[in-house]
Amino acid sequence: MKRKRVEPGPGQESVWDYPRPPRIEDTSKQIRVIFNNVCVAQSICAKRVLETSHPPVYYIPPQDVTHEYLRQTERTSFCEWKGQATYYTVAVDERFAENAAWCYRHPSPDFEAVKNHVAFYPSKMDACYVGDEMVS
């Protein structure tokens, strides 16, 4: 079954229009990540990575992440473009979300801009905001 493309409306983007290999953009939008009623990350200097068929991923600079809430896990993954990712469990008080954040400690040369920046899975957090918009 062939699917017909749905054109994005005004102010919308289509993940099918994103490039391959991925593109990195600076963003000045405020990015906030909330878990267990605590803001674990907040930035106006994040990097937005756009990759074909994927929702935008926001990588938050290390200085804008509260690292006391991150616990490195044994999980890793490999991206053909960015390199090997290291994963973290987000833990606030007695509550935790396993493998809910990741970063590239030694990214490929084309992705040095996201080195040590942290990204979060919005579905594992209580709330993630891009500007005033909550994302899932």
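The values are calculated or read from the model by the stated rules, or taken from the named source; none is laboratory data. Everything numeric in this text was worked out from a predicted model, so none of it was measured. Cβ placement follows ideal geometry from the backbone for every residue including glycine, while neighbour counts extend to all protein chains displayed. Just so you know, the surface numbers come from the protein's heavy atoms only, side chains and all, with ligands and any DNA or RNA stripped out. Shrake-Rupley method; radii C 1.70, N 1.55, O 1.52, S 1.80 Å.
Taken as Cα centroids, the stretch 34-104 and the stretch 116-136 sit 9 Å apart, rounded to the nearest whole angstrom. For the residues Glu112, Glu68, Glu94, a GNM of the chain with alpha-carbon springs under 10 Å puts the largest fluctuation on Glu94.
Relative to the globular-protein estimate of 2.2 N^0.38 Å, the Cα radius of gyration of the stretch 58-136 stands at 1.10. Just to be sure I understand: with springs between alpha-carbon atoms less than 10 Å apart, which residue in Ile31, Ile44, Ile60 has the highest mean-square fluctuation in the Gaussian network model of the chain? Evaluated over the chain, the most mobile residue of the options is Ile44. Just checking the listed ones, Phe78, Phe111, Phe35: in the Gaussian network model of the chain with Cα springs under 10 Å, the one fluctuating most is Phe78.
Pairs of alpha carbons in the chain separated by more than 18 Å make up 56% of all such pairs. Think of the chain as a dipole: +1 on every Lys or Arg Cβ, -1 on every Asp or Glu Cβ, centred on the Cα centre; then among Ala113, Cys39, Val6, Val6 lies furthest on the positive end.
Volume per residue for the stretch 15-57 equals 74 cubic angstrom (convex hull of Cα atoms). The residues of the stretch 1-134 have, on average, 62 Å² of accessible surface per residue, using a 1.4 Å probe with all protein chains present. Label reach from Ser77 (point 7 Å along Cα→C-beta): in the stretch 90-130, amide nitrogens under 14 Å belong to 98-104, 119-124.
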